[in-house]
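What follows is a short report on a single structure.
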Amino acid sequence: MSKVIRTALFSLSAAALVTAAACGGNNASPSSSSTPPSAGSSESAGSANTDKKVTISHAVGGDSPSRDVWMKAIGEAVGVELDIQVLPLEQMEQIYKVKAGTNDLPDLISYHPGARTRDDLQAKDKLIDLSDMPIIQNILDDIKPYYVEQDGKVYGVPGQALKFGGIAYNKKAFTEAGVSIPQSLDELFAVSEQLKAAGKVPLYLSAKDSWTLQIPGLAAFSYDQLQSPGILDKINTNQATFKDAAHFIEAFDTMKKMVDQGYVNSDYLSATYTNGLQAISEGKAGMYPVLTSAFSTILDTTPDLINDVGFFPWPVEGDKTVTVWPPMIYGIPQSSKNADAVKKYIEFFASSEGQKIYFDTLPAAGVPAYKGVELDESKLLDPVKEMIEVTKTAKQFATVDFSVVANMGAFGQTVQEILMGQKSGADLAAELSDILAKNAKAKGAPGF
Amino acid sequence: MHKLERKTYSISFAIPWLLIYGIFFVLPTLFSFYYAFTDWDLTSAKFSGFSNFVEMFNNPVFSTALANTAIFTILSIILKVAVSLALAMALYHCVASNFFRTIFFSPYVLSYIAIGVLFTAIMHPEIGVLNKALRAIGLDFLALNWLIEKGQVIYSLVFIDVWKSAGFHLAIFIAALQTIPSDMMESASIDGAGPWKKFRYITFPMLASAFNANVIFALIVGLTKFDLVFVTTGGGPGYYSEVLKTLVYKQFAMGRYGLATAGELIIFVIVITLTVTMRKFLDKREVEV
């Protein structure tokens, strides 16, 4: 009897093990992960005209009702359905990295371009080469290096509009205080004084969401690139460090001076990004360092206030530059069974028709990343008009954290320390140089 | 005549779950011993000797995180045990004891994420309910920058953790209190023992096992605290509330998986060492009591 029970229990154990292994696995077999989509998948991908629609899985950071609308509209146009998984914004990168490591990426990837896609998602081994797609020719030349690899392969194409890093300002607050857009750091202080006198918070900072504190330095680094050509290449080969980036350092020291002079909201250490967007759109604050993707959020939450806000780059005297955040990529993992359907989706998104749907639904998205896309000027929102104007007058550089040889990590907490008087911009530059050197060495980057 | 034997369940009943435990916990833990000595990018691991440990110990934030973890752990152990013991004594003979037990236990069923968001709002220096209430009753001097002042933030986090977990420790103490024979208390009363003497010489010694269990629970939770800190302060302002777990998470987020695993291994060794030492000390004290 006991032998029977034992046999039964061992069978149960084996069954449990098999079940557990099945749960822990993923849909992609080793062969499917390294093989281009099969004929079978292309058959299903071509089912736009059949009764059963292909469902494309997609994972994206942060909730956005507008995004869901335009994505589904494009899905309808190409005859696919979208299963959108919304990831917590602050954990999006980690989740994507783990999904890449475990071959569990969704059919349609949305991730940071350039080195981040290449390294974090192990693009060479995990993503499909899209270089045969005709839309590659339409990507704006300035941002093409972030999508086309040196060997000509393409692991992702722009999946959004261009966004910039700089300062959002409230026009009504500026008018009330009688000030105009500052063109230098001295003017930034002068404008702040007048805004303060008008009862406004001159510069809003939201240190609770510490990533927002990184923006001024990243925006100012463009001036280092403009005035010290080649500095980024030198940093990437260990011939220079962030200690050589004078404008990067100055930006953080400027923020500290603004705090010391009472130009920053008193609750800056507990203020959040949402608080900042509310303050700038309602005109309680005059200026707020942001990425221009903030305007889409303002449009989602307070559409009647969107034209009260505008944008200008980090102000440094002389020739102007602006830091671009190249749009997140659309990519396809090798493990996707719906690769052909996803390609059709991407192709349509990048077409004039797809871009029209995108910009009609999300008019504050920014500047088109594809050539030949004509925006209806009569419908342009004020902040977008200013963004377009900036691109005509300022030289564009992509943000340094997408361009460095290895991950330099988040440094918002160190900026908090600067604002609290514990450290200086130079200390931050030294720390970042050290972190970058260690990470580059661990990665085996030449020169480190 | 059947031979008298003790009937026990066969160990084979545990095999399915031991297998799952082995595959999903023991094996990854053992693998981590190897990965801690590599530069690992999830697809390949290059052996790097002790460099991850050297880098972790040389990280200027490591000592801050270690000190914060120590403060958090020690204070939370003392306060959780003291508060829950006091509540247990007060509630044991209380008329509406079940009602109050439910009240005190209820924070424990909330997730740390919800509690973190809740207390971020409550402890906001300007618009938070706590400071508004303090100002309303004239205690302006107590309206502090709870979560953003470098000297206070770690203590605020301890307070939140104690508020959440006291009910759990209370339940353990109350369960132990219910095992104390009532005749022992009655005879002590007849012999003229007052409440303090009854507590000192009967209740407290009889609670020794529960006391030890609570200390060990609080020790492990304190040393491995992550969620509350991550949601409430993210380790800030600056690094004034950084703890070991949040520091390790940041290495993971940077893509330094080998370095993060080395950090986890350091925490693992600290937890095992302190838990075993504390256990031995408490067991010895229990025998003496």
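Side notes on the structure shown:
- Total residues in the range B:74-119, condition surrounded by 15 or more Cβ atoms within 10 Å (Cβ to Cβ) and under 20 Å from B:Phe173 (Cβ atoms): 20
- Qualifying residue in the range A:347-359 (condition: touching a Phe, Trp or Tyr at 6+ places or on another chain (Cβ under 8 Å), more than 10 Å from chain B (Cβ to nearest Cβ), in a loop (DSSP other than H, G, I, E, B) and closer than 23 Å to A:Glu76 by Cα): no
- Residues being surrounded by 20 or more Cβ atoms within 10 Å (Cβ to Cβ) and either out of contact with any helix residue (DSSP H, G or I) (no Cβ under 7 Å at 6 or more places or on another chain) or over 30 Å from B:Phe100 (Cα atoms) (or both) - total across the range B:62-73: 3
- Matching residues, the range A:119-142, being more than 11 Å from chain B (Cβ to nearest Cβ), surrounded by 16 or more Cβ atoms within 10 Å (Cβ to Cβ) and in a helix (DSSP H, G or I): A:Ala123, A:Ile135, A:Ile136, A:Asn138, A:Asp142
- Filtered residue count, the range B:37-55, keeping only those that are closer than 21 Å to A:Asp120 by Cβ and buried (at least 17 other Cβ atoms within 10 Å of the Cβ): 8
- Residue in the range B:161-173 that is free of Cβ contacts under 8 Å to residues at least 40 places away in the same chain and part of a helix (DSSP H, G or I) present: no
- Condition check for A:Asp233: under 30 Å from B:Glu149 (Cβ atoms) and at pLDDT below 95: no
- Taken over the range B:219-233, the residue count meeting the criterion of being crowded, with 24+ Cβ neighbours inside 10 Å and either out of contact with any Asp or Glu (no Cβ under 9 Å at 6 or more places or on another chain) or not in a helix (DSSP H, G or I) (or both) is 2.
- If the condition is being among the aliphatic types (A, V, I, L, M), surrounded by fewer than 16 Cβ atoms within 10 Å (Cβ to Cβ) and either in a helix (DSSP H, G or I) or touching a Ser or Thr at 6+ places or on another chain (Cβ under 7 Å) (or both), then the range B:120-154 contributes B:Ala121, B:Val129, B:Ala133, B:Ala136, B:Leu142.
- Whether a residue is within 20 Å of A:Glu389 (Cβ to Cβ) and either assigned to a helix (DSSP H, G or I) or at pLDDT 95 or above (or both) was assessed, and A:Thr212 does not pass this test.
- Test: residue in the range A:110-117 that is surrounded by fewer than 16 Cβ atoms within 10 Å (Cβ to Cβ) and within 14 Å of another protein chain (Cβ to nearest Cβ): no
The rows are residues; the columns are (1) at pLDDT 95 or above; (2) hydrophobic (A, V, I, L, M, F, W, C); (3) in contact with a helix residue (DSSP H, G or I) (Cβ under 7 Å, 6 or more places away or on another chain).
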| site | (1), (2), (3) |
| --- | --- |
| B:Gln178 | no, no, no |
| B:Ser187 | no, no, no |
| B:Lys198 | no, no, yes |
| B:Gly222 | yes, no, yes |
| B:Val231 | no, yes, yes |
| B:Gly255 | no, no, yes |
| B:Leu274 | yes, yes, yes |
| B:Val289 | no, yes, yes |
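- The set of residues in the range A:344-384 that are crowded, with 23+ Cβ neighbours inside 10 Å and among the charged types (D, E, K, R) is empty.
- Here A:Gly425, A:Gly421 are screened, and the one residue that is within 14 Å of another protein chain (Cβ to nearest Cβ) and out of contact with any Pro (no Cβ under 9 Å at 6 or more places or on another chain) is A:Gly421.
- Residue tally, condition within 20 Å of A:Lys423 (Cβ to Cβ) and more than 10 Å from every other protein chain (Cβ to nearest Cβ), over the range A:264-274: 1
- Residue ID - surrounded by the most Cβ atoms within 10 Å (Cβ to Cβ), chosen from residues in the range B:241-289 that are within 9 Å of another protein chain (Cβ to nearest Cβ) and either of a type in the set (D, E, K, R) or not in a helix (DSSP H, G or I) (or both): B:Arg256
- Helices (runs of 4 or more DSSP H) contained entirely in the range B:1-114, each with at least 3 residues that are within 14 Å of another protein chain (Cβ to nearest Cβ): B:15-21, B:27-35, B:51-58, B:60-92
- Hey, A:Ala177 assigned by TED's automatic domain parsing to the domain that holds A:Gly283, aliphatic (A, V, I, L, M) and either closer than 24 Å to A:Phe295 by Cβ or crowded, with 17+ Cβ neighbours inside 10 Å (or both) or not: yes
- Looking only at the range A:385-407, and only at residues there that are free of Cβ contacts under 8 Å to residues at least 24 places away in the same chain and closer than 15 Å to A:Ala364 by Cα, the one that is surrounded by the fewest Cβ atoms within 10 Å (Cβ to Cβ): A:Glu389
- With respect to the conditions (1) at the interface with chain B (Cβ under 10 Å from one of its Cβ atoms); (2) surrounded by fewer than 21 Cβ atoms within 10 Å (Cβ to Cβ); (3) closer than 16 Å to A:Tyr155 by Cβ, A:Val98 falls short on a single one, namely (3).
- Of all residues in the range A:349-359, those that are under 21 Å from the mean Cα position of the chain (by Cα) and free of Cβ contacts under 8 Å to residues at least 40 places away in the same chain total 1.
The values are calculated or read from the model by the stated rules, or taken from the named source; none is laboratory data. What you see is a predicted model; the values in this text were computed from it and never measured. Here the Cβ is made from the backbone with ideal geometry for all residues, glycine too, and neighbour counts use every protein chain on show.
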